[in-house]
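Trainee: Pasting in a structure now, in C-alpha cells, and then I'll have a few things to ask.
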Amino acid sequence: MNAVRNGGTVSVLGVYGPPFNHFFPFGWAMNRNLTLRMGQCNVLNYLDDLLEKTRRGEIDPSFIVTHELPLEEAPRGYELFERKLEGAIKVLLKPS
C-alpha cells in the first residue's frame, strides 16, 4: 500500500482473516484514491479438471510438498504449516 502511487491500484490475492482484516487502513486508501482489487480463486470451477489432469499425469503437484507425515501427526503438521516452520509449504498427511 505504501509503494503504490496516489490513484494507483492495489491487488490482493489469497485468503486473509484475523488478525490481518482488522488492520486494513480503508480511510487512508480512500484518501489516496486507491483502487482495491481482491478476490479468491473459484476453486470449485477448476477442481474437477485439475484432478483429472493430475490423474492422467499431465500435472505433478509433488514439487510443492515439503513434508509428509502420518495422519496421527496431523496436529504437528498443522503447526508446521501455520508457523512456516522447517520451510513448510505444503504438508501431506497420509493415513496408516
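Trainee: Can you go through 53, 90, 94 and tell me which one is within 29 Å of residue 12 (Cα to Cα) and over 19 Å from the mean Cα position of the chain (by Cα)? Talk me through it step by step, then tell me what you get.
Mentor: Numbers: 90 fails: over 19 Å from the mean Cα position of the chain (by Cα); 94 fails: within 29 Å of residue 12 (Cα to Cα).
The conditions single out 53.
Trainee: Then there is this: Which residue pairs have Cβ atoms closer than 7 Å, lie 6 or more positions apart in sequence or on different chains, and pair a first residue in segment 38-59 that is under 28 Å from residue 24 (Cα atoms) with a second residue that is surrounded by 10 or more Cβ atoms within 10 Å (Cβ to Cβ) and among the β-branched types (Val, Ile, Thr)?
Mentor: From segment 38-59, the pairs are 38/12.
Trainee: Right, another one. Within segment 61-74, can you find the residues that are open to solvent by 100 Å² or more (accessible area, probe 1.4 Å) and modelled with pLDDT of 95 or more? Even if it seems obvious, please write down each step before you answer.
Mentor: So the first thing to find is which residues in segment 61-74 are open to solvent by 100 Å² or more (accessible area, probe 1.4 Å), and the list is 63, 68, 72.
Hits for segment 61-74 are 68, 72.
Trainee: Suppose the filter is farther than 29 Å from residue 4 by Cα and not polar (S, T, N, Q); does residue 24 pass it?
Mentor: Working: farther than 29 Å from residue 4 by Cα: no; not polar (S, T, N, Q): yes.
So residue 24 fails the test.
Trainee: Kindly indicate whether residue 37 is closer than 30 Å to residue 6 by Cα, under 19 Å from the mean Cα position of the chain (by Cα), open to solvent by 100 Å² or more (accessible area, probe 1.4 Å) and not aromatic (Phe, Trp, Tyr).
Mentor: Values: closer than 30 Å to residue 6 by Cα: yes; under 19 Å from the mean Cα position of the chain (by Cα): yes; open to solvent by 100 Å² or more (accessible area, probe 1.4 Å): yes; not aromatic (Phe, Trp, Tyr): yes.
It is true that residue 37 is closer than 30 Å to residue 6 by Cα, under 19 Å from the mean Cα position of the chain (by Cα), open to solvent by 100 Å² or more (accessible area, probe 1.4 Å) and not aromatic (Phe, Trp, Tyr).
Trainee: Here's something else I'd like to know. Can you list the strands (runs of 3 or more DSSP E) found entirely within the chain that contain at least 1 residues being among the β-branched types (Val, Ile, Thr)?
Mentor: On the way: elements: 9-13, 35-39, 67-70, 91-94.
Ranges flagged: 9-13, 35-39, 91-94.
Trainee: Taking the conditions exactly as written (of a type in the set (Phe, Trp, Tyr), surrounded by 11 or more Cβ atoms within 10 Å (Cβ to Cβ) and free of Cβ contacts under 8 Å to residues at least 12 places away in the same chain), does residue 24 satisfy them or not? So that I can check it myself, show each step before the final result.
Mentor: Values: of a type in the set (Phe, Trp, Tyr): yes; surrounded by 11 or more Cβ atoms within 10 Å (Cβ to Cβ): yes; free of Cβ contacts under 8 Å to residues at least 12 places away in the same chain: yes.
Here the answer is yes, as residue 24 does meet what is asked.
Trainee: Can you tell me how many residues in segment 60-96 are in contact (Cβ under 8 Å) with a residue 12 or more places away in the chain and of a type in the set (Asp, Glu)?
Mentor: 4
Trainee: I'm told residue 50 meets every condition in (1) surrounded by 11 or more Cβ atoms within 10 Å (Cβ to Cβ); (2) in contact with a strand residue (DSSP E or B) (Cβ under 9 Å, 6 or more places away or on another chain) except one. Can you identify the failing condition by its number?
Mentor: Tallying (1) surrounded by 11 or more Cβ atoms within 10 Å (Cβ to Cβ); (2) in contact with a strand residue (DSSP E or B) (Cβ under 9 Å, 6 or more places away or on another chain), residue 50 fails exactly one: (2).
The values are calculated or read from the model by the stated rules, or taken from the named source; none is laboratory data. No experiment lies behind these values; they were computed from the predicted model shown. Heads up, the Cβs are rebuilt from the backbone with ideal geometry, glycines too, and the neighbour counts pull from every protein chain shown. Protein only, heavy atoms only, side chains kept; ligands, DNA and RNA dropped before computing areas. Shrake-Rupley method; radii C 1.70, N 1.55, O 1.52, S 1.80 Å.
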